[in-house]
Structures are given as C-alpha cells and as structure tokens.
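Enquirer: Would you mind keeping the following structure in view while I ask a few things?
Just so you know, all these numbers are worked out from the coordinates, no wet-lab data involved. The shown structure was predicted, so the numbers you read here are calculated from the model rather than taken from an experiment. All Cβ positions, even for glycine, are placed from backbone atoms using ideal geometry, and neighbour counts span all protein chains on display.
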Amino acid sequence: MRCPVCGSERLGPLGELRAREDVFFSLMLTYAAPKFFSRTPRFAVGYGRACLDCGALTAFMNDEEREKLAEAADRLELPKYLD
C-alpha cells in the first residue's frame, strides 16, 4: 500500500481514529438523503494509517461498515453543498 498523497510505502500501523481520550468520536462518511424525508446515509470510519514521510492520514472502515457502503453505493449521491 502507498500513501495517496506522496506515494511513499512507509505507512504506520493501522490505528483507531479518536478525537480525544475522554470523548467518544466517530468519523462519518455521509451522503445526501435519497428522498426528502429519508435518513442521510452515514458510514463510520474508525481506523487510519499515517504516512511516516508526509504525515497524511488515510482513513479505513471496518468490514461491517464497508459491506453496508458496498450495498448502498449505487444509490448514493453527494451532499447538495458539494454539487
């Protein structure tokens, strides 16, 4: 695996993404709600690897969240503010 920013192969080990030690935090990947009154699709991204050369962080999902994303992928749209 290579760093998506600088291309280095020097990546640190997989670690858990947390805001602070005393606060529960989960980074979420979100998409636009498919219908007016439906819930916004959200997928937790709880792990990451840091590049040891440039410091870029690459985030990862667990298998359960990745499978949920794969099942919903064809129906997902960007949030309106990113169009």
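Enquirer: Taking amide hydrogens as modeled 1.01 Å from N in the peptide plane, which residues meet the under 5 Å criterion relative to Tyr47, leaving out close sequence neighbours?
Expert: Leu17, Phe60
Enquirer: List the GluC sites (Glu not before Pro) within segment 38-77 that fall in a DSSP loop (any state other than H, G, I, E or B) and whose Cβ has at most 14 other Cβ atoms within 10 Å.
Expert: Glu77
Enquirer: Can you tell me the order of 53-63, 6-16, 39-49 when each peptide is scored by its average per-residue count of other Cβ atoms within 10 angstrom, highest first?
Expert: Result, highest mean first: 39-49, 53-63, 6-16.
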